[in-house]
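S.K.: Once you've had a glance at the structure underneath, I'll fire off some questions.
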Amino acid sequence: MDEKRDDLHSSVHATHPVVGTELTFGSVTDKISAIVLKRKTPIGWFIGFAVSFALFQLMMLAIVKLVFVGIGEWGVNIPIGWGMDILNFVWWIGIGHAGTLISAILLLLRQKWRTSINRFAEAMTLFAVAQAGLYPIMHLGRPWLAYWLFPYPNTMGIWPQFRSPLMWDVFAVSTYATVSALFWFVGLIPDFATLRDRANSKPFRVIYGMLAMGWRGSARHWHRYETAYLLLAGLATPLVLSVHTIVSFDFAVGIIPGWHATIFPPYFVAGAIYAGFAMVLLLTIPLRKIYGLQSFITMRHMNNMAKVMLATGLIVFYGYLIEAFFGWYSGNQYERFMIWNRMHGPYGHYYWALIFCNGLTPQLLWFKKIRANLMWLWLISVVVSIGMWLERFVIVVTSLHRDFLPSSWGMYKPSQWDWAMYIGTIGFFFALLFLFIRFLPMISIFEMRTILPEAEVEE
Amino acid sequence: MKAKRGAGLRFLTETITSPSLAAQLKQILTDFPEAKWHQYEPVNRDNARAGALMTFGQDVNTTYDLSKADRILSLGSDFLNGYPGNLRYARDYAAKRRNVAQAVSLRADAAEQMSRLYVIESTPTITGANADHRWSVKPSELSNTVNAVYRRMVADKIPPGEASSVFDRLADDLKHRTGTSLVMVGDDQPPIVHALAHFMNAELGNVGKTVFYTDLIEANSVDQTQSLRELVGDIDVGKVETLIIIGGNPAYSTPVDLRLDFNRLEKVKLRAHLNLYNNETSEICHWHIPMAHYLESWADARTYDGTATIVQPLIAPLYEGKTAYEVLALFSDNYDQKPYDMVRNYWSGQQSALKSQAQSVSTGSGSDRVQNAGGTPANLPKDAGAPANAATDFESSWRKWLHDGFIPNTALPAKTVSLKSDWANSLNQDAGKMPTLPANSYEVIFRPDPSIYDGRFANNGWLQELPKPLTKITWDNVALVSPSTAKKMGCLPPNYEERQHGREALVDTIKLTHRDKSITQQVPVWVLPGQPDDVITIHLGYGRTKAGRVGTQYISDPDSPLPHGGFNAYDIRFSDAPWFSSSGAVVSKTDERFVVASTQTHFTMDGRDILRESSIEEFEHEKNLLAQERQTQEKELHELSLYQDFDYQDQGLGYAWGMSIDLNSCVGCNACMIACQSENNIPIVGKEQVARSREMHWIRIDAYYKGDEYKPEGPFFQPVPCMHCENAPCEPVCPVHATVHSTEGLNDMVYNRCVGTKYCSNNCPYKVRRFNFFLYQDWETPTYQLMRNPDVSVRSRGVMEKCTYCVQRIQSAKIQSEIEGRPVRDGEIVTACQSVCPTEAIVFGNINDPNSKVSKLKALERDYSLLGELNTRPRTTYLQALRNPNPEISKQ
């Protein structure tokens, strides 16, 4: 036992343990469940929830307007058929990547530090995917016919067109959403049982009881649970790679210069993980402070997440460089113009802001001092999140706005309803997060207990 | 009124070419000898009339035969677009060039064979854009320039070798083609230019060969400005008691110094106005009489060469409109006579005159060629001369005229006119005149708008949304200036990037003052390459205060939706200078900027191989290279695919539809765009949506300049409909199979299946797809329901649409051919754009048939695919444009 503890808290990590040494089985359960069951809901929660719920209503308004009046409310036009809709879809989907990566891949790689952040990251993933899922439906000219994209048996005898990347998107995103939701829910079952057992009021006992699905914590339950969880992790792992690969196909399969690039799949996946971790950091840094979870989410987590960001950020930056290089190296006049236009065209400032946000800013993470400074980390996360939005803007809009025939070039500006929808989805995302924090254990109680020193029994 | 012999009774009409209506008016003037008939139209031929009087001592109608003209000099004549007879001229002009260009392999003497067009003009027109050589000259200098050409032409003593200026070389070139050259002149040019043109044509021996003088086609030609001046004078002294205004909108369109405004008209006791629209004039008249549209009524008219045609109604008047015949009939005893009877009776009375005319010599221009080409027997029935059965004789002639659409042999005969003995004097009087412009002021040109003309079509949404041929502006008029003049004024070129909305262009505005009048609104300044320096061109027809739902000027809210409807150029147009004013307009830049909605923002190709255009000489040099490139490209791209080509021969009836667009013929007149809009129920979307780059035209005309903005060539025009690519990039990306390839190679759009992802449009390299961002169609208004083509689906909100190659016409021809048990004949299917193209630039047909016209065109060495390197393998291909510049001038 001592050996293992030494291993866990080896000299490298001595300053940043995965879990606070003062914690015990009992205190872990107490501390986490108290947020849901005992502690008084802080006034900040009410304010935060109210604001995000109001923004959620703005989104509903934008959607109602859109459905009744038409997609012309948005800024899209010919030639820029996709604007804020698709770029925000990709942005949200990217954010939704960290959760599964942390939960599944790190689980399979037996990275124990994942435990205290996986629940939260998964919830974030799920909520982000929900936002992302709204966009492909709402961006349709006739959103009420969105179900035509599913291969359902119908009297017309028509299938969707399986050659279209949008069709692949439907499968990729819906599979991802389903598996993420299952993974998240299955992971919650033992903790639902804990909450059921500890709840003071009848309604809570009933609700948590139903959600716990009869969990009693028997050895058989645990055995089956472990198997199911591992299987789901195995299922989810390829999805981390596939979803954004397929999203990138939306562009890479297209013929438009700036879209038609083989580098897109790896570059998109790296970008997604990058964005996802930025968002996890962006959210956990304040949460950890507010709810006093420093002993659960330690500086070790921060350090590791920052390193993942640095690594994926470098891949993304490489992607930008290689895109520019190939634009020039291809010798193709349209590709060359596309790169020139990205840098010096009317949207040039977006490109340079992108290089600053996503290319240069993360270089700060090379420094240990910055990785240890929460303020810096948080600011970098904000910058990266903005940078990822800019990246999608540059890819979607600047490629479309000047393509082959100069006669059809045009400009794009998001309308107020574009912004309403975007801000609304942010509101929706946070509203769901606030509900999650308030009613569900944001850190996995039982998994935390397994990494406590107490859990390390000699066999 | 009869008692007063019509004293105080005045009629004000537009130009009348209807023989029967003129006869009716003349009858009224006989019945009421004190009454007067005035004519005024803002775009008139007063200058041509004055020029003819100056030259011949009598007014003549001038017609041209471009099919025989090898060297054409146009002096501000926009004969390809805005000119009487432009359809015939454009067709003849293009046919002559095409005959050379469409030889399978260009003959060695192609440059000799092909006609050559020189244009000297002020404001760029599409005729100028199509010219082999174009010079832009200030209006005040134009007559001197023309005079220089003329002097070179008449001076025998100067040996040809000593040609010093381009104009000398031009004169020499024309002179070498005696009898097959042609000098044309625009109606808006000053009389002296008309006179010079007459002299030059006489000198070149063109009269009777390419130029014909005939009697006037107007029933009663007058100096219209003078006619209006007389009317205004009479009104001002209170001599007018009853004013009947037949058509036109004089309260809006009269010159500012002769404006028939409310204060002036108040002196007239009774005013009635017959017009299609309840407009500015109706507002200040006691009576507005709703007019029957010409498609709702019987009438007749004369074409540019005098050929008479009977106008037949297609529908009974929808809103009980009245024709001019019915209104004028009130002044006769037969006040309830019907237009049909009046027209028929008139022609019945003309029959004997017609017969004698049938014997006379034909003009060689116009109608006899129409008849020969039309396939209908041109001769009158054989028994036409028998006097015994005159009634049945007329009946059969009448029926034949109605069937043919025109009355044969009514083209006015060419007449011989001789130059006035003192013509040289008039030349000398005017030629030296060189007005001096006050400092810091600009010459002003007034022109009818290329889309809405003098304002009469302002309430026509199709025309409002039709991009102007050169600027691609919709819904507004602007002040056109040259790049350096704009700089001088402190105005910037249109800024498309600031507001970032689609194709919104922010432009600077000026306050425009001419003499003591100024335009009330700010005038947007548009930089047009090719405009002469220090000259401002403004178009008539905008700034309507009461035109209807579409046309009325809208200026209130400066933000949204966008103000539109332009400014009223008539407010600074004076009767003594209706077209050019060199007395100087004063300009001051304002701080406000104006949003213009244009449909194209980039007019250069940036070195891309999009619109191929070269001189014959260049083409001879590069054609082998081009052919080689094309072959290797086709081969390489073909080998890329794993799949075999689809075998269209093996499908159904073996049709494979394709189109060929001859850029050598296209003059950029926009007719195809309107035809397509009408055929395919394409909605208009309004200025705000156009500014957001959401216009719905299925076919557009791209315009590209070559050279820099200070020394531009072109623009050259390229109609772009759907290419119907064999490897259509739009097809595989649609997730619901809403755009699919037919077995005849059409790229079909299934509206019902479309969910509106817009992915197809994003992936279309030609950007020809159009999306219904809103419900653009008006489903409610009953007249619109009548307007639509019942064979074409009316699209609703949220679906993509695009050119279908007029699939409804293809289907109906196929059904007909199947009924008759034969394949579809070549030329049986005519797409809407093809059917109206005056220059026959668009040819459609079955490319599986090697003998079809389209297959033969695609086999020409000028044929190329737009963006062919993308391996889209478009079914619509283009034929490279050829120019025929004068080597002597090009060298210089």
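S.K.: Per-residue HN-Hα couplings for region A:178-194, Karplus 6.51 cos²θ - 1.76 cosθ + 1.60 at θ = phi - 60°, whole Hz, x for Gly and Pro?
M.R.: Karplus values, whole Hz, x for Gly and Pro: 5, 5, 4, 5, 5, 4, 5, 5, 4, x, 7, 4, x, 6, 4, 4, 4.
S.K.: Let me ask you something else. Kindly provide the helix-only [θ] at 222 nm of chain B, computed as the sum of -39,500 (n - 2.57) over DSSP H runs of four or more divided by all residues, to the nearest 500 deg cm²/dmol? Mind dumping the intermediate values first?
M.R.: On the way: 29 runs with 264 residues, N = 892.
Rounded to the nearest 500, the figure is -8500 deg cm²/dmol.
S.K.: Determine the dipole magnitude for chain B: charges of +1 sit on the beta-carbon of Lys and Arg, -1 on that of Asp and Glu, nothing else is charged, the reference point is the Cα centre, and the result goes in debye to the nearest 20.
M.R.: I would put it at about 820 debye.
S.K.: Counting residues in region B:454-501 as N, plug N into 2.2 N^0.38 Å and put the Cα Rg over that result.
M.R.: Scaled against compact globular proteins, the figure is 1.42.
S.K.: Find, to one decimal place in angstroms, the Kirkwood hydrodynamic radius of chain B, where the mean of 1/r is taken over every pair of different Cα atoms and then inverted.
M.R.: 29.3
S.K.: Taking other Cβ within 10 Å of each residue's Cβ, how do A:His97, B:His539 sort, fewest first?
M.R.: B:His539, A:His97
S.K.: Right, here's the next one. Output the peptides B:84-90, A:347-353 sorted from most to least packed, where packing is the average of other Cβ atoms within 10 Å over each peptide's residues.
M.R.: Top of the packing list down: B:84-90, A:347-353.
S.K.: In the calculated pair distance distribution of region B:435-598, what percentage of Cα-Cα distances lie above 30 Å? Spell out each step's value before the answer.
M.R.: Working: 1278 of 13366 pairs.
Tail fraction, whole percent: 10.
S.K.: Taking the dipole about the Cα centre of the protein assembly as shown, with the C-beta of Lys and Arg at +1 and of Asp and Glu at -1, give me whichever of B:Gly208, B:Thr520, B:Leu663 is farthest to the positive side.
M.R.: B:Thr520
S.K.: Something else about it: Under 23 Å Cα-Cα from A:Lys112, which lysines qualify once same-chain neighbours fewer than 8 residues away are excluded?
M.R.: The reachable lysines, counting only those whose Cα sits under 23 Å from A:Lys112, are A:Lys4, A:Lys31, A:Lys289, A:Lys307, A:Lys368.
S.K.: Taking 25 Å as the cut-off for C-alpha to C-alpha distance, list the pairs among A:Lys413/B:Lys767; A:Lys65/B:Lys687; B:Lys4/B:Lys322; B:Lys26/B:Lys338 that go past it.
M.R.: On the way: A:Lys413/B:Lys767 19 Å; A:Lys65/B:Lys687 22 Å; B:Lys4/B:Lys322 27 Å; B:Lys26/B:Lys338 18 Å.
Cα-Cα > 25 Å for B:Lys4/B:Lys322; rest within.
S.K.: With each pseudo-label sitting 7 Å past Cα toward Cβ, what's the B:Lys706-B:Glu617 distance in nm, one decimal?
M.R.: 1.3
S.K.: Tell me, what HN-Hα J-couplings in whole Hz come from the Karplus equation 6.51 cos²θ - 1.76 cosθ + 1.60 at θ = phi - 60° for each residue of region B:718-726, using x for Gly and Pro?
M.R.: 9, x, 10, x, 4, 7, 6, 4, 5
S.K.: Taking H placed 1.01 Å from N in the peptide plane, check which residues at least 5 places from B:His38 or on another chain put their amide H under 5 Å from its amide H.
M.R.: Here the answer is B:Phe11, B:Leu12, B:Thr13, since their amide H atoms fall under 5 Å of that of B:His38.
S.K.: Please list the non-local residues whose amide H lies under 5 Å from the amide H of B:Leu73, H modeled 1.01 Å from N, same-chain partners needing a gap of 5 or more.
M.R.: Hits under the 5 Å cutoff: B:Tyr118, B:Leu182, B:Val183, B:Met184.
S.K.: Dipole of region B:744-835 (Lys/Arg Cβ +1, Asp/Glu Cβ -1, origin at the Cα centre): which of B:Trp779, B:Ile810, B:Gly827 lies farthest to the positive side?
M.R.: Value: B:Trp779.
S.K.: Can you give the angle from 0 to 90° between the axis of helix A:416-439 and the longest principal axis of chain A, with both taken from C-alpha atoms, to the nearest 10?
M.R.: The angle comes out near 10 degrees.
S.K.: Rank B:Pro483, A:Ala130, B:Ile28 by how far each Cα sits towards the positive end of the charge dipole of the protein assembly as shown (+1 on Lys, Arg Cβ; -1 on Asp, Glu Cβ) and give me just the farthest.
M.R.: So the residue furthest toward the plus end is A:Ala130.
S.K.: Here's a follow-up. Count, for each residue of B:615-625, the Cβ atoms from other chains sitting within 10 Å of its Cβ, then give me the mean as a whole number. Don't skip to the answer; put the middle values down first.
M.R.: Details: counts 0, 0, 0, 0, 0, 0, 0, 0, 0, 0, 0.
Mean shielding count: 0.
S.K.: Taking every pair of Cα atoms in region B:613-883, average 1/r, invert it to obtain the Kirkwood radius, and report Rg/Rh to two decimals.
M.R.: Details: Rg = 19.1 Å, Rh = 19.9 Å.
Reported Rg/Rh (Cα atoms, Kirkwood Rh): 0.96.
S.K.: Now a separate question. Considering region A:179-302, what Rg and Dmax in Å follow from its alpha-carbon atoms?
M.R.: Rg, Dmax (Cα atoms, Å): 20.1, 61.
S.K.: Still on this structure: Show me the trypsin sites (Lys or Arg not before Pro) within region B:470-559 that DSSP assigns to loop and that have at most 13 other Cβ atoms within 10 Å of their Cβ.
M.R.: Numbers: sites: B:Lys472, B:Lys487, B:Lys488, B:Arg499, B:Arg503, B:Lys511, B:Arg515, B:Lys517, B:Arg544, B:Lys546, B:Arg549; in loops: B:Lys472, B:Arg499, B:Arg503, B:Arg515, B:Arg544, B:Lys546, B:Arg549.
Sparse-neighbourhood loop trypsin sites (Lys or Arg not before Pro): B:Arg549.
S.K.: What three numbers, in Å, describe the spread of the alpha carbons of region B:47-214 along their principal axes, ordered from the longest?
M.R.: Principal axes ranked by extent give 48, 39, 30 Å for the Cα atoms.
S.K.: Among B:Glu622, A:Glu73, rank each residue by its count of other Cβ atoms within 10 Å, from fewest to most, as a rough exposure measure.
M.R.: B:Glu622, A:Glu73
S.K.: List the lysines whose alpha-carbon lies under 22 Å from that of B:Lys858, not counting same-chain residues fewer than 8 positions away?
M.R.: B:Lys96, B:Lys623, B:Lys635
S.K.: Something else: Based on Cβ point charges of +1 for Lys and Arg and -1 for Asp and Glu, what charge dipole magnitude is obtained for region B:226-278 about its Cα centre, in debye rounded to the nearest 20? List each step's numbers first, then the result.
M.R.: Details: 7 positive and 7 negative charges, 18 e Å.
Its charge dipole is roughly 80 debye.
S.K.: Still on this structure, I have one more. Mind ranking B:873-885, A:417-429 by how tightly packed they are, going by the mean number of other C-beta atoms within 10 angstrom, highest first?
M.R.: B:873-885, A:417-429
S.K.: To the nearest whole number, what is the average tally of beta carbon atoms from other chains within 10 Å of the beta carbons of peptide B:796-807? Don't skip to the end; give the middle numbers.
M.R.: Working: counts 3, 6, 9, 2, 3, 0, 0, 0, 0, 0, 0, 0.
Mean inter-chain Cβ contacts per residue within 10 Å come to 2.
S.K.: Suppose every Lys and Arg Cβ carries +1 and every Asp and Glu Cβ carries -1, with no other charges. What dipole size does the protein assembly as shown come out with about its Cα centre, to the nearest 20 debye?
M.R.: Taking the Cα centre of the protein assembly as shown as origin, the dipole is about 3320 debye.
S.K.: On average, how many beta carbons from a partner chain sit within 10 Å of the beta carbon of a residue in A:64-71?
M.R.: Mean partner shielding for this stretch: 3.
S.K.: If you don't mind, another one. To the nearest 10 degrees, how steep is helix B:616-640 against the longest Cα principal axis of chain B, on a 0 to 90 scale?
M.R.: For B:616-640 against chain B, the angle is about 40 degrees.
S.K.: Something else: Normalise the Cα radius of gyration of region A:18-455 by 2.2 N^0.38 Å (N = residues in it) and let me know the number.
M.R.: The reported ratio for this selection is 1.02.
S.K.: Right, something else. Report the label-to-label distance for B:Leu775 and A:Leu61 in nanometres (one decimal), using points 7 Å from each Cα along the Cα→Cβ vector.
M.R.: 2.3
S.K.: Below 20 Å, Cα to Cα, which aspartates and glutamates can B:Lys400 reach? Residues fewer than 8 away in the same chain don't count.
M.R.: Within the straight-line limit of under 20 Å, B:Lys400 reaches these aspartates and glutamates: B:Asp300, B:Asp341, B:Asp368, B:Asp383.
S.K.: Now for a separate question. Could I have the simple spin-label model distance between A:Gln111 and B:Ala148, label points 7 Å from Cα toward Cβ, reported in nm to one decimal?
M.R.: Output for this residue pair reads 8.0 nm.
S.K.: Counting other beta carbons within 10 Å of each residue's own, what order do B:His133, B:His514, B:His286 fall into, fewest first?
M.R.: B:His286, B:His133, B:His514
S.K.: Taking every DSSP beta bridge with both residues inside region B:613-883, roughly what % is antiparallel (nearest 5)?
M.R.: Details: 18 of 25 bridges.
Looking only at bridges with both residues in region B:613-883, the antiparallel portion is about 70 percent.
S.K.: Let me ask you something else. What are the radius of gyration and Dmax of the protein assembly as shown, computed over its Cα atoms and given in Å?
M.R.: For the protein assembly as shown, the Cα-based Rg and Dmax read 38.2, 134 Å.
S.K.: Quick one: length gained pulling A:Trp352 to A:Arg438 fully straight, 0.36 nm per residue minus the C-alpha distance?
M.R.: Difference between extended and current length: 26.9 nm.
Every read-out reported here was derived from the displayed coordinates using simple, explicitly stated rules and does not represent laboratory data. Computed from a prediction, not measured in an experiment: that's the story for all the values here. Quick reminder, even Gly has a Cβ in these numbers, built from the backbone with ideal geometry, and neighbours come from all protein chains shown.
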